[in-house]
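Heads up: the structure comes next, in structure tokens.
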Amino acid sequence: MMYKIATPNSVLRIADNAYLSIDNYEYVLWISQGNTPLPMDALTPAQIAAATQATQNILDTATAKADAKLSALAAMTPAQARAWVNANVNTLADAKDLLATQAVLDTILARRL
């Protein structure tokens, strides 16, 4: 039997292309007998970039969902958002706060272009 490291937490059993947890009894026994799995394949630059972008998207989504104002605005229709701005942006401080919220949204969206 031969194994190959697939991820930090799983291995690929070469014989049948089955993915197993690294704490699978059969694999642990095989390791305890002095065997060594094949190393994980090196990632290409494109795979690294894709994984980095996917991670950033997850972080961006979590950040946006944690922002109460962004969450509230996301649930509104364009007409409701316009009405909210008209009702709630009355001072320079209000406008700056809304622009800061918009800047967060813009950076998140720009990264996805």
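All of the numbers you see were taken from the coordinates with simple rules; none came from a lab. Here the structure is a predicted model, which means the values were calculated and not measured.
Normalised by the number of residues in the chain, the average gap of Cα pairs under 8 Å and 6 or more apart makes the relative contact order 16 percent.
Each residue of the range 28-43 is assigned a 3J(HN,Hα), and the resulting list reads 4, 4, 4, 5, 5, 8, x, 7, 10, x, 5, x, 5, 4, 5, 7 Hz, derived from the Karplus form 6.51 cos²θ - 1.76 cosθ + 1.60 (θ = phi - 60°), x at Gly and Pro. Taking the C-alpha atoms only, the angle from helix 45-66 to the longest principal axis of the chain is near 40 degrees.
DSSP assigns beta bridges within the chain; of those with both partners inside it, close to 90 percent run antiparallel.
If the chain linking ALA93 and ALA75 were pulled fully straight, counting 0.36 nm for each residue of separation and taking away their Cα-Cα distance, it would gain 4.1 nm. When only alpha carbons are used to place a centre, the range 82-113 and the range 1-74 end up 37 Å from one another. Rounded to the nearest whole Hz, the Karplus-based 3J(HN,Hα) values (6.51 cos²θ - 1.76 cosθ + 1.60, θ = phi - 60°) of the range 86-98 follow the sequence 4, 7, 10, 9, 10, 10, 4, 4, 4, 5, 5, 4, 5, with x at glycine and proline.
Taking amide H as placed 1.01 Å from N in the peptide plane, the amide H of TYR3 sits under 5 Å from that of ILE14, LEU38, each at least 5 places away or on another chain. When the helices in the chain are scored as -39500 (n - 2.57) per DSSP H run of 4 or longer and the sum is shared across all residues, what 222 nm value do you end up with, to the nearest 500 deg cm²/dmol? Helices in the chain give a 222 nm mean residue ellipticity of -19500 deg cm²/dmol.
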